[in-house]
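Take a look at the structure below.
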Amino acid sequence: MAATRLVAFIARPLLVINLVLPPVIAEMYTQGKTGRLERTLRGYSTLSGVPSLFVLTVFMLLGGQILRVGYGDYYRQDARILMLMSAAKRLAGMWTRVSCFLS
């Protein structure tokens, strides 16, 4: 499905952050800078959330046109699926971040 390929863009910022963050966490934790580590994690979480929220908004507003231009007129009917899958991916990402902060 064409919508499935586009939904991967929602998770891209989080994947990039997950590649950068582990060394930062290890360094700050070993130095005992837990307060700074917490602030850094919150900042990275926000940093990864803003682009994915932007992509989600674009998909919700222009999903049909994006599918039509990228994959042809037939796939334009997948706009609702793209919207639902994008929103679910975004909510799952937010829930993961919130649950990490709550524990």
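Say we look at the stretch 8-55 and pick out the residues that are modelled with pLDDT of 85 or more and hydroxyl-bearing (S, T, Y); which of these is nearest to L84 (Cα to Cα)?
So the residue we want is T40.
List every residue pair whose Cβ atoms sit under 6 Å apart, with the two residues 6 or more apart in sequence or on different chains, where the first one lies in the stretch 21-50 and is within 19 Å of A92 (Cα to Cα) and the second, anywhere, is of a type in the set (A, V, I, L, M) and assigned to a helix (DSSP H, G or I).
Partner pairs satisfying both residue conditions: Y44/I17; Y44/L21; S48/L14; S48/I17.
Go through the stretch 71-89 and give me each residue that's buried (at least 18 other Cβ atoms within 10 Å of the Cβ) and either free of Cβ contacts under 8 Å to residues at least 12 places away in the same chain or among the aromatic types (F, W, Y) (or both).
If the condition is that a residue be buried (at least 18 other Cβ atoms within 10 Å of the Cβ) and either free of Cβ contacts under 8 Å to residues at least 12 places away in the same chain or among the aromatic types (F, W, Y) (or both), then Y75 is the only one that fits.
The rows are residues; the columns are (1) among the charged types (D, E, K, R); (2) assigned to a helix (DSSP H, G or I); (3) surrounded by 15 or more Cβ atoms within 10 Å (Cβ to Cβ).
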residue: T4; (1), (2), (3): no, yes, no
residue: V16; (1), (2), (3): no, yes, no
residue: V20; (1), (2), (3): no, yes, no
residue: I25; (1), (2), (3): no, yes, no
residue: M28; (1), (2), (3): no, yes, yes
residue: G32; (1), (2), (3): no, no, no
residue: G35; (1), (2), (3): no, yes, no
residue: R39; (1), (2), (3): yes, yes, no
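The values are calculated or read from the model by the stated rules, or taken from the named source; none is laboratory data. Here the structure is a predicted model, which is why all the values come from computation and not from measurement. FYI the Cβ positions are ideal-geometry reconstructions off the backbone, even for glycines, and counts take in every protein chain you see.
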